[in-house]
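Heads up, the thing below is written out as structure tokens.
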Amino acid sequence: MPKAAVVVGSKSDEKLGSDAVALLKSYGIDCDYRVISAHRDPEGLDQFVAKSDAEVFIAVAGLSAALPGVIASKTVRPVIGVPKDAKLMGIDSLLSMVQMPPGVPVATVGVDNWKNAAILAAEILAMKYPQLVAKLEDERRSNR
């Protein structure tokens, strides 16, 4: 069964994370959902990433938006960042995610765009799990 991890940096990010989890589960993707701050609990985040069997990570964060980059620094599995509109219309979070150093990429979707993050995660997983392709095609048709 395909597996994703959705990590949010704080309680204020939980709605975006839970919406992403719901969409992933509707595709039949098993999800591990956590609230772990890269700043307040770096050791806990390190342990979670090291022990996770997720094949792709989604990380939701606002303000400094360090969470996706920190996760990407701990794994070679794909990381998708969702910048949250916390200040400056989310532009600060967006820029933090897209300006990663060479060799530590974070795929980044639009501000608050949990849906594209979940779809991108499913597309990545569909390369290994072909049963996801039809679900993604149905999703694409329904969004026309």
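No lab work stands behind these numbers, since they all come straight from the coordinates. These figures come from a predicted structure and were not determined experimentally. Positions of Cβ are generated from backbone atoms using ideal geometry, with glycine treated the same way; all protein chains shown enter the neighbour counts.
Here are some notes:
- Segment 91-144-segment 51-71 distance, computed between alpha-carbon centres (Å): 13
- Relative packing of 23-29, 98-104, 112-118, 34-40, which averages over residues the other C-beta atoms within 10 Å, highest first: 112-118, 23-29, 34-40, 98-104
- For segment 9-77, the Kirkwood hydrodynamic radius from C-alpha pairs, put into Stokes-Einstein at 20 °C and a viscosity of 1.002 mPa s, yields a diffusion coefficient of 172 µm² per second.
- Annotation: extensible slack from ASN116 through ASP32 equals 28.4 nm (criterion: 0.36 nm per residue apart, minus Cα-Cα distance).
- Computed from backbone phi with θ = phi - 60° and the Karplus coefficients 6.51, -1.76 and 1.60, the 3J(HN,Hα) list for segment 32-45 is 10, 10, 9, 10, 9, 7, 5, 8, 8, 9, x, 5, x, 5 Hz; x is used for glycine and proline.
- Here the dipole of the chain is about 160 debye; that uses its Cα centre as origin and unit charges on the Cβ of Lys and Arg (positive) and Asp and Glu (negative).
- Among LYS84, LYS3, LYS51, the ranking by other beta carbons within 10 Å of each residue's beta carbon, starting with the fewest, stands as LYS51, LYS3, LYS84.
- For VAL8, the residues whose amide H sits under 5 Å from its own are ARG34, VAL35, ILE36, VAL60, ignoring neighbours fewer than 5 places away on the same chain, with H placed 1.01 Å from N.
- Taking N as its residue count, the alpha carbon Rg of segment 3-142 over 2.2 N^0.38 Å: 0.97
- Normalising the average separation of contacting C-alpha pairs (under 8 angstrom, six or more residues apart) by the number of residues puts the relative contact order of the chain at 23 percent.
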